[in-house]
Amino acid sequence: MAFSDRLRGKTCIITGSGGSIGRAACLRFAEEGANVVGVDIAAPGAEETVRLVEAAGGTMISVHPADLTDKAECDRVVATTVERFGGVDVLFNNGAMAYFAWIEDMTDDMWSKTINEELNLVFLMTRAAWPELKKSKGNIVNTASLSAWAGIELLPGLAHTAAKGGVLAMTRQLAMEGRKHGVRANTVSPGTIETNQTRFILEDPEWSRIQLGRAMINRMGQPEEVAAAVAFLASDDASYVTGADIAVDGGVRAW
Ligand SMILES: NC(=O)c1ccc[n+]([C@@H]2O[C@H](COP(=O)([O-])OP(=O)(O)OC[C@H]3O[C@@H](n4cnc5c(N)ncnc54)[C@H](O)[C@@H]3O)[C@@H](O)[C@H]2O)c1
């Protein structure tokens, strides 16, 4: 498929670039002409994404390993981006890590780590990039989740729902604060996306009943389908879209 050129010359930071959705976004953004800056705490996946983007003819650098729960690392990502490309136009806060347990088994440590690694890092990275986004009148896309909107039977996602609900609400506030500076902020809320972590659902009848049975489009989503929604929000095609959320969940939320 031939993509448009709508991100040509835009410098876009994509966190979690070594993961499933992050990699698909790096490839999609590069296809659309962006200068991509990948970031990940894990080096091997991040390196592989750079290799794939370059093999496809795209422009990408990567900052890894970088733990975005560390303020200094967020500052380093922005400084490296400005040094290489002169500014920041788009921040896609995608990278995250959650810890799952039912409330009886949810330890203080699992709770705090989930809030830190799913919510705090979005705040830290956004605050670090904010001055550059103001200069460029850029935009932010944050990854929320279906879990920010609905409980999912079988998923012990107490801390995850709290963190992603926080991302969703915080993004509306960012849109409100950004309006004075021409900065837009939106979220994407994926449903169940087929990745190495979720593929087992297809084999398990109970999970399949819940996950696939609730989708109007009766299959899992693909990372590329999330990336497509993010590319739209990041582009000038979404110039009148802020404070919004796009559900990429096959219709689960509407059913
Ligand atoms: N896959 C799904 O079904 C699904 C559904 C809803 C929401 N999401 C959200 O989409 C996003 C991407 O999910 P994915 O399935 O591609 O996950 P993934 O695990 O494949 O990728 C996440 C990446 O983020 C990186 N990362 C984690 N913590 C980090 C940190 N502190 N600093 C820097 N990098 C860090 C990881 O190393 C990994 O490469 C996440 O925010 C996730 O919550 C995914």
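Computed over the chain, the alpha-carbon pair-distance distribution with 5 angstrom bins reads 1, 7, 14, 18, 21, 17, 12, 7, 3, 1, 0, each value a whole percent. A Förster distance of 41 Å, applied to the separation of the beta-carbon atoms of residue 76 and residue 210, puts the FRET efficiency at 0.50. With a cut-off of 15 Å between beta carbons, the residues surrounding residue 148 carry a summed charge of 0, where Lys and Arg count +1 and Asp and Glu -1. Taking other residues whose beta carbon is less than 12 angstrom from the beta carbon of residue 166, and scoring Lys, Arg as +1 and Asp, Glu as -1, yields +1. In this simple spin-label approximation, residue 154 and residue 52 carry label points 7 Å from Cα along the Cα→Cβ vector, and these lie 2.6 nm apart. For the chain, complete DSSP H runs whose alpha carbons reach 27 Å or more along their own long axis and whose mean Kyte-Doolittle score is -1.0 or higher are 158-178. So if R0 is 22 Å, what FRET efficiency would residue 200 and residue 97 give, r being the distance between their Cβ atoms, rounded to the nearest 0.05? E(calc), rounded to 0.05, equals 0.75.
Spatial offset of segment 77-107 relative to segment 122-200 amounts to 10 Å, using the alpha carbon center of each. From most to least packed by mean Cβ count within 10 Å, the peptides 208-219, 77-88, 33-44 give 33-44, 77-88, 208-219. Based on C-alpha pairs under 8 angstrom that are at least 6 apart in sequence, segment 11-248 has a relative contact order of 19 percent.
Pairs 113/180; 113/134; 71/164; 137/164: which exceed 27 Å Cα-Cα? Display every interim value, and only then the final one.
Details: 113/180 33 Å; 113/134 30 Å; 71/164 20 Å; 137/164 25 Å.
Flagged as over cut-off: 113/180; 113/134.
All C-alpha to C-alpha distances of segment 91-191, sorted into 5 Å bins beginning at zero, yield P(r) values of 3, 14, 24, 22, 16, 10, 6, 4, 2, 0 percent in whole numbers.
Every number in this text was worked out from the coordinates using simple rules, so none of it is lab data. A quick note: this is a predicted structure, and the numbers were derived from the prediction, not measured. Cβ atoms come from the backbone with ideal geometry, glycine included; neighbour counts cover every protein chain shown.
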